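The values are calculated or read from the model by the stated rules, or taken from the named source; none is laboratory data. This structure is a prediction, so every number in the text was calculated from the model and none was measured. FYI the Cβ positions are ideal-geometry reconstructions off the backbone, even for glycines, and counts take in every protein chain you see. These accessible areas exclude ligands, DNA and RNA; they are computed on the full protein's heavy atoms, side chains included. Shrake-Rupley method; radii C 1.70, N 1.55, O 1.52, S 1.80 Å.
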Amino acid sequence: MTGGDPQGRILAIDLGTRRIGVAMSDPTATIATPLETISPAGERRAAERVADLCRRHGVTLVVVGWPRNMDGSRGPAAQQAQAFAERLRTVAGVPVELWDERLSTAAAERTLIEAGVRREDRRQSRDRVAAAVILQGYLDARRNRLSQIESGHNEERP
């Protein structure tokens, strides 16, 4: 985990073939909130829309969900996420990181069901809620990593 100002908004992307879910953190990069759903009209236009969101909200880092297979291998969707992240780095002008998103859509669906959201309404919310699940996982892991470093318990030391 690298990149991004520790204080500043972080944007997360759940990249889908039909919709792109977007979530954003609060200014202290502590809490993730679903933001919107983008209907991609091509990778370039979607990247430009995300770059616009970055500028408007003062985003310091973008996290792109990286849909790896359960065994950790990278299929076509992971390669698509990598290509989108690369385009976004160029267009948005902020650091972009890939973050393992395995099971984020399932977690989003469970959250919406538990919240009593009707089936037909869940489809519209699922992608941005999945982006919030991805982002909250990233924020929690980053906070844990930073606290380990600050306390001198860096597990990467020999």
(message) Please count how many residues of the range 18-31 are open to solvent by 70 Å² or more (accessible area, probe 1.4 Å) and charged (D, E, K, R).
(response) 1
(request) Considering each of R44, R56 in turn, give the residue that is at pLDDT below 95 and either in a helix (DSSP H, G or I) or open to solvent by less than 50 Å² (accessible area, probe 1.4 Å) (or both). (result) R44
(message) For a quick check of your reading of the model, give me the residue pairs whose first member lies in the range 134-154 and is in contact (Cβ under 8 Å) with a residue 40 or more places away in the chain, whose second is assigned to a helix (DSSP H, G or I), with beta-carbon atoms closer than 8 Å and at least 6 apart or on different chains.
(response) I134/S104
(message) Looking only at residues that are modelled with pLDDT of 95 or more and hydrophobic (A, V, I, L, M, F, W, C) in the range 32-41, which one is most open to solvent (accessible area, probe 1.4 Å)?
(response) L35
(request) Could you check how many residues of the range 59-97 are acidic (D, E), outside any helix (DSSP H, G or I) and without any contact (Cβ under 8 Å) to a residue 24 or more places away in the chain? (result) 1
(message) Of everything in the range 22-41, what is outside any loop (DSSP other than H, G, I, E, B) and either closer than 22 Å to R123 by Cβ or touching a Gly at 6+ places or on another chain (Cβ under 7 Å) (or both)? Give them in sequence order.
(response) V22, A23, M24, A32, T33, P34, L35, E36, T37, I38
(message) Suppose we keep only residues that are of a type outside the set (S, T, Y) and modelled with pLDDT under 95 within the range 14-26. Which one would you say is farthest from the chain's Cα centre (by Cα)?
(response) R18
